[in-house]
Every structure is written in structure tokens, then in C-alpha cells.
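Have a look at the structure below before the remarks.
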Amino acid sequence: MAKIEPGLYYSESHEYVRVEGNIGIIGISDYAQHALGNVVYVDMPETDDEITAGEDFGAVESVKAASDLIAPVSGTVVEVNEALEDQPELINQDAYGEGWIIKVELSDKSELDALMDGAAYEEHCNNE
């Protein structure tokens, strides 16, 4: 079973959000990185770009497939994980830590209510 980190918010498309104050740290779940296999490239937005919940904000490419990244929340990109440009495999090695993708300033914290907690996400994964 893939690792599910408590205290995070999860989307049906397997992105997670870790909330620290008004900042959302977004990445893909351990389940998603296992399904993709070895990640070889990450397409990320630029700092100051606006992302909108439910819309694409980039893509992750692996040796098996390419997958769009769907924003779980809306906000302004305040930081991108530049380490992924040279080391996209960080997503495979540490999806919830060094493998984060972007940090956004949340524009509407109530959007978090539409996401799943760890228990609901685990059930979602078991039903896929």
C-alpha cells in the first residue's frame, strides 16, 4: 500500500496540499508516483502565475506515461521546486518531502473543504 501522510488534503486526481499558514505546498501523492513509475520530467508553472482549482498547472512525465497536474486549490505561485529540474526523481524518492512541486499563496481556503483527508483518500485509492 502506498504511504498516505496524515494532515494533508488530497484530490481525486492524486495531488496533495500541505497547508502552512496561508501557503499550500502542492505535490503528487505516493500512490500517484508509484503508478507513474520513474519520473523523468516535471513541467511547472512560473513564480507569480495564478492557478485555479480543477485546472491544469503542469505535468509529470515518467518512463511509462505523462500525467497532467490538476490544481487542488487556487492561488498565486510563490515558489517552484527548482531541484526537480535536475532531479525529477525526488518525486519518487520523497513525494511528501523533497519532491513537492509548487508552493502557492491560497486565494480561498474554503476550497480545502472539497478535498479528502487521509482516510477518505486511502478509500479512494483502494477503489481505483
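The values are calculated or read from the model by the stated rules, or taken from the named source; none is laboratory data. These numbers were taken from a predicted model, which means no experiment stands behind them. Note that we place each Cβ from the backbone using ideal geometry, even for glycine, and neighbour counts take in every protein chain shown.
The set of residues in region 5-18 that are over 16 Å from N81 (Cα atoms) and touching a strand residue (DSSP E or B) at 6+ places or on another chain (Cβ under 9 Å) comprises E5, G7, L8, Y9, Y10, S11, E12, S13, H14.
Here's the yes/no breakdown for (1) more than 21 Å from L115 (Cα to Cα); (2) in contact with a Phe, Trp or Tyr (Cβ under 7 Å, 6 or more places away or on another chain):
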{"site": "E5", "(1), (2)": "no, yes"}
{"site": "Y10", "(1), (2)": "no, yes"}
{"site": "N22", "(1), (2)": "no, no"}
{"site": "I25", "(1), (2)": "no, yes"}
{"site": "A32", "(1), (2)": "no, no"}
{"site": "A35", "(1), (2)": "no, no"}
{"site": "N38", "(1), (2)": "yes, no"}
{"site": "E46", "(1), (2)": "yes, no"}
{"site": "D49", "(1), (2)": "yes, no"}
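When every residue of region 52-60 is checked against the conditions, at least one turns out to be surrounded by 15 or more Cβ atoms within 10 Å (Cβ to Cβ) and under 19 Å from E5 (Cβ atoms). Considering every residue within region 23-42, establish whether at least one is surrounded by fewer than 18 Cβ atoms within 10 Å (Cβ to Cβ) and among the acidic types (D, E). Scanning region 23-42 turns up no residue that is surrounded by fewer than 18 Cβ atoms within 10 Å (Cβ to Cβ) and among the acidic types (D, E). Please work out which residue is nearest to T47 (Cα to Cα), limiting yourself to region 65-124 and to residues that are hydroxyl-bearing (S, T, Y) and in a helix (DSSP H, G or I). Out of the qualifying residues, it is S110. Would it be correct to say that A65 is more than 20 Å from A119 (Cα to Cα) and either of a type in the set (K, R) or modelled with pLDDT under 95 (or both)? Yes: the conditions hold for A65. For K103, the stated conditions do not hold, so it cannot be described as over 12 Å from the mean Cα position of the chain (by Cα) and of a type in the set (K, R). Inside region 82-128, residues that are surrounded by 13 or more Cβ atoms within 10 Å (Cβ to Cβ), touching a residue at least 24 places away in the same chain (Cβ under 8 Å) and among the acidic types (D, E) make up a count of 5. Just for region 36-64: of the residues that are hydroxyl-bearing (S, T, Y) and part of a loop (DSSP other than H, G, I, E, B), which one is farthest from S110 (Cα to Cα)? Taking the candidates together, the pick is T47. Mind listing whichever residues of region 15-35 are farther than 19 Å from S107 by Cβ, in contact (Cβ under 8 Å) with a residue 40 or more places away in the chain and not small (G, A, S)? Within region 15-35, I28, D30, Y31, Q33 qualify.
Annotation: of all residues in region 61-81 being more than 14 Å from the chain's Cα centre (by Cα) and farther than 20 Å from V19 by Cα, the one that is surrounded by the most Cβ atoms within 10 Å (Cβ to Cβ) is S62.
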